[in-house]
Amino acid sequence: MKIGIVGTGMVGSAAGYAMALLGVGTEIVLVDANPALARAQAQDIAHATPFATTVAVRAGDYADLKNAAVVIIAAGVSQKPGESRLALLERNVEVFRSVIAGVMKAAPEAILLIATNPLDVMTFAAQRISGLPVERVIGSGTILDTARLRSLLGDHLGIAPNSVHAYVLGEHGDSEVPVWSSAMAGSVPIVSFAEQIGRPLDAAARTQIADQVRGAAYTIIEGKGATWYGIGAGLARIVRSITDDERTVLSVSMVTGEIEGVRDVALSLPRVIGREGVVATLMPDLDAGERAALKHSAEVISGFSTKLRF
Ligand code: ADP
């Protein structure tokens, strides 16, 4: 199965590297406005595969995306000094207009997987520009925030992160919402389990964990300028769930008709991912505080999305 990546900077190339080493798809095609960069990244990643898999990795142009099952879009421009968030967003929307036109012409059947920030607004823009059904335009959303939350909760409780069932919902950004009320350790409500073992998840512990999840990207950016390995692996995870029709539940972004009274907003909820994209959404039971926080998060995203006037 062919997977395309448009935008082969740090995030796009990390996704390609993760897929090549994990054996996600059989062929990966890298496209970038800078073809020399796409060629160099493809060669570098291809040189890693003999140690791991037989995935073919090459650079190409849009026509080479023909018959791709999934196209990851990680193309974007970075903020100029003094540039507002909205101005940057508008420039990235212009990038998306040209990228999505190229992808749709070559691979109209592909599922689009969006990785460019601000993630939820760009997912909204991609769906509107492409005109694809909402379930075929997926944003990486809070997949990584959820992974970070599970890992911190696992550390706190002394259990493996994959036995922690908890999600971060809403915006991939400052207004994201960790959900405690329905979080589970194995099959036990996580708050009760934490009490049982004498490591309560009281307000202070929750705030500390939520701050660490929210601040993780900032901490990494301070040290190395940007983040790419974590999200690269997260993207590979989403693609595998599509190509293998796994129907795994992952917290990813998608344009959602209505959430807490906010209409037509792209945001993350636990969603079932399969060959046709998002197959279903699992709306968790939330307490009043979480509902209010999710409404606020939806409003933050919607504030930017509506300024784009699609
Ligand atoms: P990140 O850290 O998010 O990956 P980068 O700046 O490293 O950001 O990568 C963004 C990539 O997107 C760059 O390689 C850039 O050349 C590419 N890009 C920008 N505009 C376009 C476009 N219109 N079409 C294709 N690729 C683009």
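The values are calculated or read from the model by the stated rules, or taken from the named source; none is laboratory data. Given the structure is predicted, the values throughout are model-derived calculations rather than measurements. We place every Cβ from the backbone using ideal geometry, glycine too, and count neighbours over all the protein chains shown. Only protein heavy atoms, including side chains, enter the accessible area calculation; ligands, DNA and RNA are left aside. Shrake-Rupley method; radii C 1.70, N 1.55, O 1.52, S 1.80 Å.
So here's what we get for this one:
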| read-out | value |
| --- | --- |
| Pairs, first within 14 Å of GLY158 (Cβ to Cβ) in region 183-210, second part of a strand (DSSP E or B) and of a type in the set (S, T, N, Q), C-beta under 9 Å, six or more apart | none |
| Count of region 211-226 residues which are open to solvent by 40 Å² or more (accessible area, probe 1.4 Å) and either part of a helix (DSSP H, G or I) or in contact (Cβ under 8 Å) with a residue 24 or more places away in the chain (or both) | 10 |
| Residue tally, condition aliphatic (A, V, I, L, M) and at pLDDT 95 or above, over region 205-227 | 4 |
| Verdict on GLU83 being free of Cβ contacts under 8 Å to residues at least 60 places away in the same chain, more than 14 Å from the ligand (Cβ to nearest atom), surrounded by fewer than 18 Cβ atoms within 10 Å (Cβ to Cβ) and closer than 19 Å to LYS307 by Cα | yes |
| Qualifying positions in region 99-108 - within 14 Å of MET122 (Cβ to Cβ) and without any contact (Cβ under 8 Å) to a residue 60 or more places away in the chain | ILE100 |
| Failed item, numbered, when LEU144 is tested on (1) touching a helix residue (DSSP H, G or I) at 6+ places or on another chain (Cβ under 9 Å); (2) modelled with pLDDT under 95 | (2) |
| Scan of region 45-80 for residues that are within 16 Å of the ligand (Cβ to nearest atom) and assigned to a loop (DSSP other than H, G, I, E, B), ordered by number | GLY60, ASP61, ALA68, ALA74, ALA75, GLY76, VAL77, SER78, GLN79, LYS80 |
| Every residue from region 1-22 that is away from the ligand (no atom under 16 Å from the Cβ) and open to solvent by 30 Å² or more (accessible area, probe 1.4 Å) | MET1, LYS2, LEU21, LEU22 |
| Pair list, Cβ under 8 Å, 6 or more apart: region 1-17 residue part of a strand (DSSP E or B), other residue within 6 Å of the ligand (Cβ to nearest atom) | ILE5/GLY12; ILE5/ALA74; VAL6/GLY12; VAL6/ASP32; VAL6/ALA74; VAL6/ALA75; VAL6/VAL99 |
| Any hit, region 286-293, residues being within 18 Å of VAL137 (Cα to Cα) and either within 16 Å of the ligand (Cβ to nearest atom) or open to solvent by 20 Å² or more (accessible area, probe 1.4 Å) (or both) | no |
| Condition met for ASN92 (out of contact with any Lys or Arg (no Cβ under 6 Å at 6 or more places or on another chain), within 15 Å of the ligand (Cβ to nearest atom) and open to solvent by less than 40 Å² (accessible area, probe 1.4 Å)) | yes |
| Count of residues meeting criterion [within 15 Å of the chain's Cα centre (by Cα) and either farther than 22 Å from ALA69 by Cβ or free of Cβ contacts under 8 Å to residues at least 24 places away in the same chain (or both)] in region 126-148 | 6 |
| Residue within region 259-281 that is in contact with a strand residue (DSSP E or B) (Cβ under 8 Å, 6 or more places away or on another chain), closer than 28 Å to GLY4 by Cα, assigned to a strand (DSSP E or B) and of a type in the set (Lys, Arg) present | yes |
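Conditions tested, residue by residue: (1) outside any helix (DSSP H, G or I); (2) more than 15 Å from ILE231 (Cα to Cα); (3) near the ligand (Cβ under 9 Å from one of its atoms).
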residue: VAL29; (1), (2), (3): yes, yes, no
residue: ALA36; (1), (2), (3): no, yes, no
residue: GLN43; (1), (2), (3): no, yes, no
residue: VAL99; (1), (2), (3): no, yes, yes
residue: VAL103; (1), (2), (3): no, yes, no
residue: ASN117; (1), (2), (3): yes, no, yes
